[in-house]
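One structure is given below, encoded as structure tokens.
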Amino acid sequence: AAQDHEPSPALDATEFVRVFTNELQYTRGVTLPQASNQDKYIALVRTVLRPLIDRWQATQARQAEQNGKTVAYLSAEYLLGPQTGNALLSTGLEDTAREALSTLDIDLDELIAHEIEPGLGNGGLGRLAACFIDSLATKDISAIGYGIRYNYGIFRQTFVNGHQVEQPDTWMSHGTPWEITHPELAQPIGFAGRVEDTINSAGQPARKWVPGWYVQAVPCNYLVPGYGTDTVNTLRLWSARAADEFNLHIFNSGDFENAVRARTYAENISNVLYPEDSTPQGKELRLQQQYFFVAASIRDLVARTLERGVSYADLPQHITFQLNDTHPVVGIPELMRLLVDDHELEWDDAWSITREIFNYTCHTLLPEALEVWPVDLFGRLLPRHLEIIYRINEEFLNEVRLNTGNELLVRQMSIIQEQPFRAVRMAHLATVGSRRVNGVAALHSQLLKDNVLKDFSAYWPDKFTNVTNGVTPRRFVRLSNPELSDLLNDAIGTGWVRDLSQLSQLEPLADDSGFLEQFALVKAHNKSRIAAVLAARDGIELPSDAIYDVMVKRLHEYKRQSLKLLHVVSLYARVLAGTLNAEDIEPRVVVFGAKAAPGYRMAKETIALINAVAARINNAPELQGRLKIAFPANYNVTLAEKLIPAADLSEQISLAGKEASGTGNMKFALNGALTVGTLDGANVEIHELVGDENFFLFGMTEPDAESLAQAGYVPSKFYEKDADLKLAIDLIASGAFSNGDRSAFESIVSDWLWHDRFMALADFRSYLDIQTKVEEKYRDKAAWNRSAVLNVARTGFFSSDRSIQDYLDRIWMEK
Ligand code: 26Y
């Protein structure tokens, strides 16, 4: 039913078979009987790409002719997820492909499953970028995504004896049919070297950067199809190739080994995605990656815009660069260098153009996540850019001094920090060099103004705004939850896929018992589906009639996976202690999915503890099978698409004031899970929209947490006074989950008792109490289903289409 109203396919089944077999024969060089799954997969992709490429070319012609403003999204990460299903959806070819392939005895789903997803991002920030380019295309906006084509994306997580072991993500080992690469359009990107005094073409003194070495940036294009529209935009990811000039000298001298070494060094730039997502390690290679992709992107778009006859002064009417966190912020001095040194504009003219073109989105509240670059490292790699930053800073601070007369403020706002070492503060550079700065949820944007960037918001109150994050309903409802999609289509029509606010039409159906039953059947179906996936993928056996309680996100102390674990352990400990009957536990499957940054010790130990607890409780006779933990390794977008639609309960339990927004929280609510959450990030807005009766709110508020921290938080006091908490921690400390080895989880236990930076112990009681309410509500099936439907009906706001409209209204097209 879902397909009836969707884009009409550009090919019929007969034509599809013809093109597909043609591709097999002439691009793979195999006959059908010879073809491997890889051959068939590539032929499928190439067949589906044809109509998309037609639309892509028409889009480019249309956008060039319109000569309007192009949104350039600059992001070091794009966590795209699998492409095949989305391309079939956008072309309306899913049914045709299924039918056509079945006549050849090929199972479409098997080929879809063959794809290895491009995991070119860590988590929320990278996935947000992927949702945004989807929405930009769907809303027919002239836009381009720029980033890095990593050879190795986010590592593949395995567990060895319960401990995380990282394996390289070899997503490109067989190439990818989705990419259109143009080595002949590579541009040279310089690094290091020196800066010289020179005379420009007008006879004026000027500065000139003479780089010490170059790499070539090769554009690799990916198509970004809109849904229900002709627009197909571009995602341009840059791949590093050794520059010939770079090697020639060494090569001529006959030193082949060093010539190859130099090649390897240069090509290393786009080799791997850094797996850290909150503590910048200050690694030179990361700064190389940042400059590499940003310099190539800015030159690419500025050159194409100037070629259309746009004047320098008018660039801000034709280009807007959106900075996805501080990772691309080196673009600000790079545009200045391009305009002043290469194009010979006056400094002041270049600066006013630059400040009109850039906008900055901040994604964090943790001070340790703010990027700073030591000036010696920065100056070695980008000497001219450091000079430019110094001048920007000098002029900016003079202005602050003049306007405020406050020397303390001058130091606090400086782009250069002096202590504990001299470094460039990228968030300050971004704020000074941008027209608008936004946070990613209402609470986050407020806290940015009150804490992280408060001096700047006092100085420039109008610069700051909020755009609450969103997620694409195409991938995270329509594609990932076909049964719910069919139910929605039957109930309210198909318009919701492009206009998610239409979900509000479901509201009256929350009191329709027939509809609630159908809704419950969809959820039950999705639970069986994920149970089958986890059985096949990870050998995990799960009941399908239980509360599916899901916590999937990067492993971080502030997100508090340990609080979820303490809940589970305390149930088990109470059963062992005889203060709780196993029969009184509502059957529950707790699913964790989480990767830890390879160097993050506490996160890795938490993974080991979750696996250890799982090993014990999953087979504990005392629990009678009523409590299970599933921790499938290598949680990624592919798994998320199967898991989220099956969830009853969405765990969003960060300490209030620490999670900038969250986006998983939105995906769960849209698929009819109820949230158990703190008043943090976008949870605040979810709670507000769905209503308190349909949300399990617990824990301290941000001001509560702030006062507790001020008063001096002593976690051991909570341990002492809460018998259930004590029982749970003591059980872990006793070695019950480590064959009697009390030292195995000693560092976690002592962190809980003596540090507990994110106050899990302080929120434990409140969390346990709300989980009791969860069980009570789940026993009342009608009440639960009603709340679940209301979650769907009331969360249409969280479409990334709405986020993009907010960016247009408040940032890109504002004024
Ligand atoms: C500099 C480097 C260490 C670094 C690399 C990646 C720093 C941060 C990151 C990624 C951050 C991230 O994913 N932040 C998340 O962004 C989401 C989208 O806005 C938010 O929903 C989420 O709360 C935030 O943690």
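Where a number appears in this text, it was derived from the coordinates with a stated rule and is not lab data. None of the values given here were measured: they were computed from a predicted structure. Neighbour counts are summed over all protein chains in view; Cβ atoms, including those assigned to glycine, are modelled from backbone coordinates with ideal geometry.
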For E693 and H163, compute 0.36 nm times the residue count separating them, minus their Cα-Cα distance, and round to one decimal in nm.
-> 186.9 nm
Semi-axes (Å, rounded, descending) of the ellipsoid equivalent to the range 14-62 per its C-alpha gyration tensor are 25, 10, 8
Mind listing the long-range amide H neighbours of V591? Cut-off is under 5 Å, sequence gap 5 or more, other chains count too, H placed in the peptide plane at 1.01 Å from N.
-> D549, V550, M551, A630
If we sort 803-814, 91-102 on the protection proxy, mean other Cβ atoms within 10 Å, highest first, what's the order?
-> 91-102, 803-814
What whole-number value in cubic angstrom gives the convex hull volume per residue for the C-alpha atoms of the range 687-730?
-> 98
Using only Cα atoms, locate the centre of the range 7-39 and the centre of the range 44-75, then give the distance between them in Å, rounded to an integer.
-> 24
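For the range 677-786, what does the alpha-carbon gyration tensor say about shape, rounded, prolate or oblate, given a ≥ b ≥ c as the root eigenvalues, a/c under 1.5 as rounded, and a/b over b/c as prolate? Please report the intermediate quantities before stating the final value.
Numbers: a/c = 2.72, a/b = 1.47, b/c = 1.85.
Here the range 677-786 falls in the oblate category.
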Charge dipole (debye, nearest 20) of the chain; +1 at Cβ of Lys and Arg, -1 at Cβ of Asp and Glu = 940
Compare the Cα positions of P632, Q288, A531 along the charge dipole of the chain (+1 at Cβ of Lys, Arg; -1 at Cβ of Asp, Glu; about the Cα centre) and return the one farthest towards the positive end.
-> Q288
Any of K628/K667; K658/K717; K139/K463; K667/K721; K463/K642 with alpha carbons more than 31 Å apart? Name them for me.
-> K667/K721; K463/K642
Taking the Cβ of A762 as the center, what net charge do the other residues with Cβ under 12 Å away carry, scoring Lys and Arg +1 and Asp and Glu -1?
-> +1
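Dipole magnitude of the range 503-798 about its Cα centre, charges +1 at Lys/Arg Cβ and -1 at Asp/Glu Cβ only, in debye to the nearest 20? Please list the in-between numbers first.
Details: 32 positive and 39 negative charges, 185 e Å.
So the magnitude is around 880 debye.
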Gyration tensor (Cα) of the chain, equivalent ellipsoid semi-axes in angstrom | 43, 35, 26
Output the DSSP H helices from the chain with an along-axis C-alpha extent of no less than 20 Å and a mean Kyte-Doolittle hydropathy no less than 0.0.
-> 124-138, 284-307, 513-538, 561-577, 601-617
Relative contact order in percent for the chain (Cα pairs under 8 Å, 6+ apart) equals 13
HN-Hα J couplings of the range 621-626 from phi, Karplus 6.51/-1.76/1.60, θ = phi - 60°, integer Hz, Gly and Pro as x?
-> x, 4, 8, 6, x, 8
So the FRET efficiency between L185 and A113, C-beta based with R0 = 45 Å and rounded to 0.05, is 0.85
Under the definition of Cα pairs under 8 Å and six or more residues apart, what whole-number percent is the relative contact order of the range 503-798?
-> 25
If you find the alpha carbon centre of the range 501-547 and of the range 576-612, how far apart are they in angstrom?
-> 23
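I need the fraction of alpha carbon pairs in the range 503-798 separated by more than 25 Å, rounded to a whole percent.
The proportion of pairs with Cα distances above 25 Å equals 46 percent.
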Determine, for each peptide in 377-383, 774-780, 587-593, the mean count of other beta carbons within 10 angstrom over its residues, then list the peptides with the highest first.
-> 587-593, 377-383, 774-780
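Determine, for each peptide in 468-476, 532-540, the mean count of other beta carbons within 10 angstrom over its residues, then list the peptides with the highest first.
Numbers: 468-476: 27.1, 532-540: 14.3.
Those peptides, ordered most packed to least, come out 468-476, 532-540.
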For the range 56-192, what ratio Rg/Rh do Cα atoms give with a Kirkwood hydrodynamic radius?
-> 1.02
Estimated FRET transfer efficiency (D704, A535; beta-carbon r; R0 51 Å; 0.05) = 0.75
Output for the range 629-670 (equivalent-ellipsoid semi-axes, sqrt of 5λ from the C-alpha gyration tensor, Å, descending) is 20, 13, 11
